[in-house]
Amino acid sequence: MLATIKKVDDYYIARYEHHFPHDLEKVWRMLTDNEELKKWFSELRVADLREGGLITFNMGDGTFEEMQITELKMYSVLEYTWAADRVRFELYKEPEGCLLIFIETIKEITNHTPKDLAGWHVCLQVIQALLDGRTIQSRKNEWEIWYEKYKQEIISIVED
């Protein structure tokens, strides 16, 4: 299922909801423990896990983008800057595991927006697969499928 995307004032909100049949603590570790993080988003590293701390993005050319953690509530909320935007992970305990709500606040829709949305979509699929003890054969193939869907979704939103 696609993320819901809506315009709010002068920005956009993309929201994904994903139910994990796994302990909240395991899902939290996937987001904040560098050993787990590198399994689903190898470019990201938590440099300083605290509000005001940093997450770094390895640009692959020897440089690193620093993203500030803007909100942190252990085992509940992790929010950080993502270029001019923000990404936010919220975790809620459920009887059969946990609910992860991922929200990207997007300042401006660009040609790169559907790429990011497809990327986050696949990341959540990869987290699920890892927690289930599975692998996704081709992340690139999955990304291409979702990229086409998000391109269409963005076109319909921008045209409204």
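Bear in mind these aren't lab numbers, they're just calculated from the coordinates by the rules spelled out. Quick caveat: nothing in here was measured; it's all calculated off a predicted structure. Note that we place each Cβ from the backbone using ideal geometry, even for glycine, and neighbour counts take in every protein chain shown.
Brief remarks on what is shown
- Computed over the Cα atoms of the stretch 20-99, pair by distinct pair, the Kirkwood hydrodynamic radius stands at 13.1 angstrom.
- Pair-distance distribution P(r) for the chain, from all Cα-Cα distances in 10 Å bins starting at 0: 10, 39, 39, 12, 0 percent.
- Cβ-placed point charges (K, R +1; D, E -1), dipole of the stretch 1-96 about Cα centre in debye, nearest 20: 160 debye
- Residue-count net charge about Glu148 - beta-carbon cut-off 12 Å; Lys, Arg +1, Asp, Glu -1: 0
- Farthest toward positive dipole pole in the stretch 22-144 [+1 Lys/Arg, -1 Asp/Glu at C-beta], among Phe41, Tyr92, Gly133: Gly133
- Only DSSP H runs of four or more residues enter the estimate; each adds -39500 (n - 2.57), and after division by the residues of the chain the mean residue ellipticity at 222 nm equals -11500 deg cm²/dmol.
- Calculated on the Cα set of the stretch 2-67, radius of gyration then Dmax: 14.8, 38 Å.
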